[in-house]
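Heads up, the thing below is written out as structure tokens.
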Amino acid sequence: MASVLVVGCGVFGLSAARELALKGYCVRAIDVYEPPSPWSAANDFNKIIRAEYTDMIYSKMAVEAINLWRTDPDLLGLYNECGRVLITPREHAGRKKFEEQGIQNLRALGEGQRVEYLRGSRALAEIHPQFLHNRLGDEHEFKFNPDSGLGHASNSLRALYRRCRELGVEFTFGEEGYFAGLQEQHDKTYVKTAAGTSYTADQILICCGANTDSAVDLNGQQSATGLYVAHIRLTPEEFARYRDIPIIFDSDMGYFFPPDPETRIIKVALPGTGASRLVASPHEKDKKLSLPRYKTENPRDTMPKHCYGELKALLSKYCPELAYHEPFNAKTCWVGDTGDSHFIIDRVPGHKNVFVATGDSGHGYKFLPNIGKYIVARMEDTLDPEYAESWKWRARSSFDPLAMDWRVAKEFPDFGDIDWWVEPKMKL
Ligand SMILES: Cc1cc2nc3c(=O)[nH]c(=O)nc-3n(C[C@H](O)[C@H](O)[C@H](O)COP(=O)(O)OP(=O)(O)OC[C@H]3O[C@@H](n4cnc5c(N)ncnc54)[C@H](O)[C@@H]3O)c2cc1C
């Protein structure tokens, strides 16, 4: 059977490696770190799994993914269908349209019948008494979708990694797994590593997430965006009260999850679209490119100072009794944004058998159970043309964060201009 080298073992890489191994390919996979890599956008307690999308291809894929989250034996126990409350300010017309279309798409697929439209503080407290003291305006509409929830992100990467090993995928990590570039030699493409070694295979699949651009020229199609999260830890008594809350997604103020049962930690994701980090392009002279820089190497990359007050305001609005908690482990996580939020899953021009699967645009995690199937279909030239068209390599495209209604953009600073919050323990 043909051999495939998978470069990058995050969501797209592990999902594809499992699918390839199940189909009998001889698979080697490399990464800088063993999964869950601290560089992976999905090395985290939890991520939202929802099926509301404006574009039908993702609606269909997300419905399929949710069914797999419920049934895939490799991922059992890692999906918590806690539901999601969605609150959007009236003035955010673009975001409202996005949500409305998302629900219409679901209904067209015979799903979403349990989505409820509700209004005001009392209605929220009635369906979720933990939010008895919430400060939602009386006129404020919100939606509750019980058919969505969270995936335990880092544990699900661990689970697929384990499964891939059982299926015979060979892994290499460290310098020897650190992708440094492609090289053509004797009509073959080689992946060069930071250790100076190289690998080749019948097909090469590159899935380095936000960092893909650092070693392969994506021709301006992707831009790394840093998003911020921080955490609070509940007392055992608070945990007992809040363990069964849904995800609260306030598209203006940020969102938070139920506490993690192992650690009692609540993850809070902070509002806005994040930041870019423009550096000299490794591919084109005099051009700039946004590339990630990770907290493993830059421990002071926490969150902007203003996020501290925003985190407190979010908690005060929905569960004021938790707002006294001090945040910790604030960090910037990186996604690979594209101009239209479509993934890029295609052959890399100029190389015979090299593919990329990247451009996650901050919404790729939920597809962990099924994105591999679509990536492998593209490699085998059997992908549905509608999907292939949406994910095709575009000659030149650009990314404008302020044009993305669905993310409710407020500002989009460069990394160099951020005034970082200093975690109290870091001051010592
Ligand atoms: C704050 C935040 C919140 C999010 N929330 C959600 C959500 O609620 N729902 C959802 O569906 N999605 C969410 N996402 C997006 C989701 O996490 C990503 O879409 C997904 O992780 C992308 O998968 P990937 O495989 O492309 O990249 P990643 O998962 O980031 O994996 C990339 C891998 O490549 C490796 N790598 C990088 N450079 C190299 C190199 N040079 N050599 C070798 N290996 C390398 C890394 O170590 C890593 O393992 C969120 C992302 C962030 C940052």
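Using Cβ point charges alone (K and R +1, D and E -1), the dipole size of the chain about the Cα centre works out to roughly 420 debye. Rolling a 1.4 angstrom probe over the chain with all protein chains present gives an accessible area of which 49% lies on carbon and sulfur atoms. Rounded to the nearest 20, the Cβ-based charge dipole of region 84-195 about its Cα centre (Lys and Arg +1, Asp and Glu -1) stands at 260 debye.
Kirkwood-type hydrodynamic radius, region 285-326: 13.1 Å, calculated from all non-identical alpha-carbon pairs.
Distance from the Cα centroid of region 274-301 to that of region 1-61 is 23 Å (rounded to whole angstrom). The C-alpha atoms of the chain define a longest principal axis, and helix 11-22 lies at about 60 degrees to it.
Dividing the convex hull volume of the alpha carbon atoms of region 335-398 by its residue count gives 88 Å³ per residue. About its Cα centre, region 141-261 has a charge dipole of approximately 340 debye under the convention of +1 per Lys or Arg Cβ and -1 per Asp or Glu Cβ, with nothing else charged. Between Ala51, Ala323, Ala17, the Gaussian network model of the chain with springs among Cα atoms under 10 angstrom shows the greatest mean-square fluctuation at Ala323.
Could you tell me which of Phe45, Gly220, Tyr117 has its Cα farthest along the dipole of the chain towards the positive end, charges placed at Cβ (Lys, Arg +1; Asp, Glu -1), taken about the Cα centre? The Cα lying farthest towards the positive end belongs to Phe45. Once the chain from Glu91 to His306 is taken as fully extended at 0.36 nm per residue, the excess over their C-alpha distance is 75.2 nm. Rolling a 1.4 Å probe over the protein heavy atoms gives the chain an accessible area of 41 Å² per residue. Helix content alone sets the calculated 222 nm mean residue ellipticity of the chain: runs of n ≥ 4 DSSP H residues at -39500 (n - 2.57) each, divided across all residues, give -7500 deg cm²/dmol. Size check on region 250-352: the Cα extents along the three principal axes, sorted descending, read 57, 28, 27 Å.
Note on Glu170 and Thr263: with the Förster distance fixed at 51 Å, the Cβ-Cβ geometry gives a FRET efficiency of about 0.95. Taking every Cα-Cα distance in region 29-166 and sorting them into 5 Å bins starting at zero, the pair-distance distribution P(r) comes out as 2, 9, 15, 17, 17, 15, 12, 7, 4, 2, 0 percent.
Using the alpha carbons alone, the radius of gyration of region 92-241 stands to its Kirkwood radius in an Rg to Rh ratio of 1.12. Just checking the listed ones, Leu315, Leu14, Leu132: in the Gaussian network model of the chain with Cα springs under 10 Å, the one fluctuating most is Leu132. Within the listed set Gln221, Gln203, Gln183, the Gaussian network model of the chain (springs between alpha-carbon atoms below 10 Å) gives the highest mean-square fluctuation for Gln183. What's the angle, to the nearest 10 degrees (0 to 90), between helix 305-318's Cα axis and the longest principal axis of the chain? Helix 305-318 and the main axis of the chain meet at about 50 degrees.
Working from label points 7 Å from Cα in the Cα-to-Cβ sense, the Tyr117 to Asp187 distance is 6.3 nm.
Size check on region 21-95: the Cα extents along the three principal axes, sorted descending, read 51, 27, 25 Å. Length, then width, then depth: along the principal axes, the Cα atoms of region 204-255 run 51, 27, 16 Å.
Just the number, please: Stokes-Einstein D of the chain in µm²/s, Kirkwood Rh from C-alpha pairs, 4 °C, 1.567 mPa s. Taking Rh from Cα pairs, D becomes 58 µm²/s. Selection among Thr302, Pro327, Leu291 by position relative to the dipole of region 284-328 gives Leu291 as farthest towards the positive end (Cβ unit charges, Cα centre). Within the full protein context, the accessible area of Tyr190 is estimated at about 50 Å² for a probe radius of 1.4 Å.
Once you've got the Cα coordinates, tell me which of Lys23/Lys188; Lys188/Lys366; Lys285/Lys331; Lys96/Lys267 are over 29 Å apart. Result: Lys188/Lys366; Lys285/Lys331 exceed 29 Å.
The values are calculated or read from the model by the stated rules, or taken from the named source; none is laboratory data. These numbers were taken from a predicted model, which means no experiment stands behind them. Cβ coordinates were reconstructed from backbone atoms using ideal geometry, including for glycine residues, and neighbour counts include every protein chain displayed. Calculation scope for accessible area: heavy atoms of the full protein, side chains included, ligands and nucleic acids excluded. Shrake-Rupley method; radii C 1.70, N 1.55, O 1.52, S 1.80 Å.
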